[in-house]
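**Q** Sending over a structure as C-alpha cells; questions will come in a sec.
Just so it is clear, none of the values below were taken in a lab; they were calculated from the coordinates. Being a predicted model, the structure only gives us computed values, none of them experimental. In this analysis, Cβ positions are derived from the backbone assuming ideal geometry, glycine residues included, and neighbour counts consider all displayed protein chains.
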Amino acid sequence: MVEYDEQNRKMVLKLVYYGPALSGKTTNILQLHELITRKERGELMIMDTVGDRTMYFDLLPFFLMAPSGLKIKVKVYTVPGQVQHDSTRKAVLQRADGVAFIADSQLSQETINFESFENLEKNLSIVGLDIEKLPLVIQFNKRDLADICPEEEIRNDWQVTGIPFLMASALNGWGVLETFSKLAELTYDHIDRRYHLEAEHGLSREMFLLKLLPRESE
Amino acid sequence: MDITTEIIGEEKRLIDILSEEDVLPLLSTAIEGGAAEATILDESGAVLWHRGTRTGDDVPACFLPIRLEGEDIGQIRLTREGNKSLPVETLAAILQHSLQTILLCRLKRIFTNQVHSKVVNLSYEELLEKNRLLTLSEKKYRDLSATLEKKVDERTQELNAAHLRLIQQEKMTAIGQLAAGIAHEINNPLGYIISNLTTLKSYAEKLLLLAEKYRSEDGCPPGRKESVDSFWSELKFDYVCGDLIPLVTQSIAGAIRVKKIVSDLKGFAHMEEGSTSAVNLNEEIERTLRVLAHDIPHNTRIVREYGDIPTFVCNPGLFCQVFLNILRNSVQARTEDLQLHIRTEASSRGTLLIFSDNGPGIPREISARIFEPFFTTKDIGNGTGLGLTVAYDIVKGAGGTIEVSCPETGGTTFSIVLPSQRTP
C-alpha cells in the first residue's frame, strides 16, 4: 500500500526482498548499494545482526522526482530468512508494494525454497495482500555455484505460475539490477493504475526506471 | 489482532526521532563554545529547538543540513556574535556529525522497538491461540478419558446384546428347521393313517351291515336267534354299532387336523424358502395364528380385518416370528375373554399391520424399553426378553418401523409400517 502524502507531494513505495535463509537477500541489497551510487540514494541501514545474519531488516532508500514535482521514495527492505523469525517477516511484509523472492539455486535448497515461498503466500494473506495482484519477481541466485538446479528445470517449474523469474549471482553482482529493474517495472505498472503517474505527473515507466537505475553512461 | 496500527519503517520527521534531551545539551555546548545562537529547524524551516540569544536575520549564519535516508529532514543554524571571529563552521560541523550519529542510533532503536513490540505481540497472539487450541484439545482428551470406561461398557453391552440376539434368531431358525424336519417325517405315516382310517371306516360300515344282516330274522339260522341275541347283548354290540363309525370319523378328523398342523409348521419354518420372496402377509398372519392355536385361550375372540395389501418381499419365516412374538405377548397377557384385533391396510405411508388386544396394556414407564434386549416383565424362565427385540430387528431390517401404544381405552396396540415400494 503506497504511502502517499498529497500535501507534501511525496510518495513512498515499499519493496521487500523475501526468501529462505542465506539465499542472498542482504547481498542483493549490498550490491544495489554498490551499483547505484547516485545522489538520490540514501545510506544503507543494516540493523543489528547476529553472527552476520539479518535479525530485523536492512533498508536502502532511493529517490526520484517526477516532472510534476512529486517526490517518490523507494525503500527496499530485506527480511530475515531464518524460520524462527516469521513474526518479523510478517511485520516487515506489511503494506509492501512489491516483493522480490530470492531463491537459492543450489539443488540441496529446492525444498527450502518451496517452503519459503509457501511461507510468503501464507504471510501475504495474513497481512492482507493478494499474491495474485502484488508485483512479484523471483530471482534464482547463486548461479555461479556448481550444484545448481538447471535453468530448464526452473523454467518448467515456474513458467506456469506466470511470475517473472531471473537468474543472478548477487555475490558477483550480475542479475541484481535486472531483478530490481523488473520489480520496479511491475510496481510502476501496479501503482500507475491507481495514481496515474504518467497522466498526472508526467512520469512514464521508462522515465521511472531511468531515474531509479543508473544509466549506462554513469 | 490489529497489526496495521504501526507500519515498520514508516516515514519519520525530525521531531519524531530526536528529543529535547538529545538536542538541547548539544546546542548549549555550542553556545558555550562561543556561538551566539544555535537553532535546529525542521524540514519546512520552522524552529524546533533553540539556544542562545536571538540574533537578527542580518547576522551571517552557518547552515548545515540534517539528513535521513538520503533526505534533508532539517537544518542546523549557527550564528556568531557580530564582533567575534569564531570558527562557527567547525562548531556546526561537529554539531551536525553528533546529531547525525544520534539520529541514526535513535532511528535504529525506533525500528528495533517497532519490530520487537510487533513480534512480541504477534507471538503473544499466536501463543494465546495455541493455548486456546491446546486447552480445547486437553478438554477433549479429559472428557474422553472420563467417559472412556463408560463408553467401553456401553459398547460391550451392545455387542453382547447383538450377539445374544443373533443366537436367539439362530435358535428360532434351528427350532423351525427341527420342527419342519419332524413335520416332514410325520407326514408320511400320517398319510397312510388317514388313508387306512378312511378305508377302515368303509370296512366298519360293511361289517356293521353284515352283523345287522346276520342278526335279522332272515339272516339268522333257525334256532340260533336267541343265542345270537344273547351274545349280541353280552358284547354290548348295540353300543359298538353306535360308537364305531363316530369313533373312526373322529380319528380321521383328528388325523386330518394333525396333518393341517404339520403342514402349518412346515410352512411356518419355511424350510423350502430360506431366502426372500414376495409374500402375502395376511396369509402369514393366519399361519401364525394356527401355529399358536393351542396357546390361544378357548373363549378368545379374534377379529380379522385383512385389507388388500400388496405382497411384500421378505423372508416369510422371519415375519412369522414377528407376528408370533407380538401375538404371544397378547395371548399371555390375558387368559379370560381375550380379544385380538388384527387389521392390515395399504396406506400412503406403506403397508400397515396393526395388532391390538384388550390386555392390561403396558405401563407408560416401561413402554419405551420393551424393544430393549433382555427387557422382560415375565418371571424368570418364562421369557427371554428377546421376543420383541427380535421383532424390532426384523422389521427394521426390512426397512419398516414398529411402534407400541397403549390407548386410553386400554389394551396394547402394535403398529408395523412396511415400505410399500419393494420390488423383488
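**Q** Which whole-number value in Å³ per residue fits the convex hull of the alpha carbons of region B:273-424?
**A** 118 Å³
**Q** Using a Gaussian network model on chain B with a 10 Å cutoff between Cα atoms, which of B:Gly317, B:Gly223, B:Gly191 fluctuates the most?
**A** In this elastic network of chain B, the residue with the biggest mean-square fluctuation among B:Gly317, B:Gly223, B:Gly191 is B:Gly223.
**Q** Follow-up. For an R0 of 25 angstrom, estimate the FRET efficiency from the Cβ-Cβ distance between A:Arg53 and B:Leu133 and round to the nearest 0.05. Kindly include the intermediate steps, with their values, before the conclusion.
**A** Details: r = 31 Å, r/R0 = 1.25.
After rounding to 0.05, the efficiency reads 0.20.
**Q** Might you report the magnitude of the Cβ-based charge dipole of region B:135-263 about its Cα centre, with Lys and Arg at +1 and Asp and Glu at -1, to the nearest 20 debye? Spell out each step's value before the answer.
**A** Values: 18 positive and 17 negative charges, 135 e Å.
So the magnitude is around 640 debye.
**Q** Multiply the residue gap between B:Asn160 and B:Tyr203 by 0.36 nm, knock off their C-alpha separation, and tell me the result in nm, one decimal place.
**A** 9.2 nm
**Q** Right, here's the next one. With runs of 4+ DSSP H residues as the only contributors, calculate the mean residue ellipticity of the protein assembly as shown at 222 nm using -39,500 (n - 2.57) per run, divided by the residue total and rounded to the nearest 500.
**A** -16500 deg cm²/dmol
**Q** Among B:Leu207, B:Gly191, B:Ala180, whose Cα lies farthest out toward the positive end of the dipole of the protein assembly as shown, if unit charges sit on the beta carbon of Lys, Arg (+1) and Asp, Glu (-1)?
**A** About the Cα centre, the residue reaching furthest to the positive side is B:Leu207.
**Q** Return the inverse of the average 1/r over all pairs of distinct C-alpha atoms in the protein assembly as shown, which is the Kirkwood hydrodynamic radius, in Å to one decimal.
**A** Result for the protein assembly as shown stands at 36.1 Å.
**Q** Something else: Taking chain B as a Gaussian network, where each spring joins two C-alpha atoms under 10 Å apart, which residue of B:Pro189, B:Pro297, B:Pro87 fluctuates the most?
**A** Of B:Pro189, B:Pro297, B:Pro87, the Gaussian network model singles out B:Pro87 as fluctuating most.
**Q** In vacuo Debye scattering of chain B, one point per C-alpha: log10 I(q)/I(0) at q = 0.10, 0.13 Å⁻¹?
**A** Treating every Cα as an identical point scatterer, log10 I(q)/I(0) equals -0.91, -1.11.
**Q** Based on the Cα gyration tensor of region A:3-209, what are the three equivalent ellipsoid semi-axes, each the root of five times an eigenvalue, rounded to whole Å and given largest first?
**A** Over the Cα atoms of region A:3-209, the ellipsoid semi-axes are 28, 18, 17 Å.
**Q** Which value in Å is the Kirkwood Rh of region B:5-109 over different Cα pairs?
**A** Taking every pair of different Cα atoms in region B:5-109, averaging 1/r and inverting gives 14.1 Å.
**Q** Where does the charge balance sit around A:Leu203 when Lys and Arg score +1, Asp and Glu -1, over other residues with C-beta under 10 Å from its C-beta? Could the numbers behind the result be given before it?
**A** Numbers: positive: A:Arg205, A:Lys211; negative: A:Asp192, A:Glu198, A:Glu200, A:Glu206.
Net charge around A:Leu203: -2.
**Q** Along each principal axis of its Cα atoms, how long is region B:63-178 end to end? Whole angstroms, biggest number first, please.
**A** Rounded to whole Å, the extents work out to 138, 24, 13 Å.
**Q** Find how much the distance from B:Val152 to B:Arg215 grows on full extension, using 0.36 nm per residue of separation minus their present alpha carbon separation; answer in nm with one decimal.
**A** Numbers: separation 63, 0.36 × 63 = 22.68 nm, distance 8.87 nm.
So the chain would gain 13.8 nm between B:Val152 and B:Arg215.
**Q** So which residue, out of B:Leu27, B:Leu340, B:Leu136, gets the largest mean-square fluctuation from a GNM of chain B using Cα contacts under 10 Å as springs?
**A** Taking springs between Cα atoms under 10 Å, the residue moving most is B:Leu27.
**Q** While we're on this one: Normalized C-alpha radius of gyration of region A:80-162, against 2.2 N^0.38 Å?
**A** Against the compact-globule rule of thumb, the ratio is 1.13.
**Q** Counting only other chains, and only Cβ atoms inside 10 Å, what mean value do you get across the residues of A:35-44?
**A** For peptide A:35-44, the averaged partner shielding equals 2.
**Q** In addition: Longest span of chain B, sites excluded, free of GluC sites (Glu not before Pro) in DSSP loop with at most 10 other C-beta atoms within 10 Å?
**A** B:1-216
**Q** A follow-up question, please. Modelled label-to-label distance, B:Ile94 and A:Arg9, 7 Å Cα→beta-carbon offset: nm?
**A** 3.9 nm
**Q** Let me ask something additional. What number in nm² do you get for region A:13-112 if you take the convex hull of its Cα atoms and divide its surface by four?
**A** So the Cα hull casts an average projection of 7.3 nm².
**Q** Give the calculated FRET efficiency between B:Ser117 and A:Ile131 to the nearest 0.05, with a Förster radius of 25 Å applied to their Cβ-Cβ distance. Could the numbers behind the result be given before it?
**A** Working: r = 27 Å, r/R0 = 1.08.
For B:Ser117 and A:Ile131, the calculated efficiency is 0.40.
**Q** In nm, to one decimal, how far is the A:His196 label point from the B:His184 one, both placed 7 Å along Cα→Cβ?
**A** Simple spin-label model gives 10.0 nm for this pair.
**Q** Local charge sum around B:Ser227 (other residues, Cβ-Cβ under 14 Å, Lys/Arg +1, Asp/Glu -1)?
**A** Result for the neighbourhood of B:Ser227: 0.
**Q** About the Cα centre, and with charges only on the beta carbon of Lys, Arg (+1) and Asp, Glu (-1), how big is the dipole of the protein assembly as shown? Nearest 20 debye, please.
**A** Magnitude of the dipole: close to 1420 debye.
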